[in-house]
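Some notes on the structure that comes next.
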Amino acid sequence: EGVGPQEYTGVKMEVVEWSAAAQKQLEGKVDGRKVFLVAATLRPETMYGQTNCFVGTAIKYGVFAANDKEAYVVTLRSARNMAFQGIFDVRGQVNQLAELDGTQIVGAKIKAPFSVYPEVYVLPMENVLPTKGTGVVTSVPSDSPDDYATLMDLRKKAEFYKIDPKWAALDPIPVLSTPSYGEMSAPVLVKKLKINSQKDVKQLAEAKELAYKEGFYNGTMLVGEFKGEAVQEAKGKVRASMIEQGIAFPYAE
Ligand code: A2H
């Protein structure tokens with residue numbers, strides 16, 4: 001990581017259906033607000049390829065009022081940052097409506113803005129850090145080796161991870177093309193570096209670095225409004241478009 005602040009894009013994923021446990025926990029607490037999981041990403045140009053979303057099962061999340069109409073599911077740490085960045089209606093003030101365990105969020109059905117798949121499910125990921133971003137990671141298995149390895153783990157061991165196999169059923173789809181790794185860099189690199197699971201963190205770090213550099217410097221968009229453009233050009237444009245449409249906001253830390 002660099003020395004400057006990390007400029008994330010906070011992607012608003014509206015909850016369409018909660019698990020029974022979360023539903024019960026939230027009863028009477030959100031006061032008619034629309035509730036969104038907010039995922040922090042550094043790759044907004046890949047949002048066309050979201051197939052699911054990840055949370056950590058050992059992480060506590062809050063449901064925070066952003067204003068009278070919306071509430072965001074993120075970690076308390078990130079809600080505090082948001083408050084000081086003017087993302088909530090009262091600057092500096094955090095209004096927590098409810099608390100949820102990561103396990104209660106798993107299985108929720110949410111909207112995935114810009115994705116080829118309009119609705120996706122929330123799944124568990126072991127390596128979600130409570131100290132980074134919002135604690136919510138949207139999953140693009142075509143271009144993120146971590147996301148791909150985790151999705152494959154979940155498919156292989158659905159029972160162990162306590163998920164319904166249908167939640168992990170959406171397949172990766174091509175979003176951008178690169179000279180070195182073709183139309184899906186993550187599966188190619190996972191195979192090339194002999195990565196077996198999300199537990200192979202060392203090789204995953206290397207794969208992530210390779211995918212990121214090749215995608216950014218040599219990638220071309222295959223889908224969306226900026227199809228045919230270089231990733232370097234499209235990245236900021238996709239971000240601006242999402243922000244303009246109210247489905248994302250800038251988030252830094
Ligand atoms: B990225 P950096 Cl396609 N714990 O978004 C673990 N990982 C987290 C996280 C957390 N709390 N919060 C965000 N992230 C992920 C897309 C993507 C990402 C692609 C390819 C690479 C990639 C879809 N997942 O990240 O440590 C998020 O996943 C590799 C750089 O702040 C976020 O961007 O550099 C990225 O890690 C932020 O990681």
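Any read-out appearing in this document is the output of simple, stated calculations on the displayed coordinates, not a laboratory observation. Please read these numbers as outputs of a predicted model, since none were measured by experiment. Because the Cβ atoms are built from the backbone with ideal geometry, glycine has one as well, and the counts that use them run over all protein chains shown.
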Alpha-carbon spread of the chain, three principal axes, descending order, Å: 51, 40, 33
Once you keep just the Cα pairs under 8 angstrom separated by 6 or more residues, what percentage relative contact order results for the chain? 24 percent
Please compute the length gained on full extension between ALA169 and LEU193, using 0.36 nm multiplied by the number of residues separating them and subtracting their Cα-Cα distance. 6.2 nm
Between SER180 and ASN218, how many nm apart are label points set 7 Å from Cα along the C-beta direction? 0.6 nm
Distance between Cα centroids, region 1-64 to region 177-253: provide it in whole Å. 20 Å
Connecting every pair of Cα atoms under 10 Å apart in the chain and solving the GNM, the largest mean-square fluctuation among GLU126, GLU27, GLU70 falls on GLU27
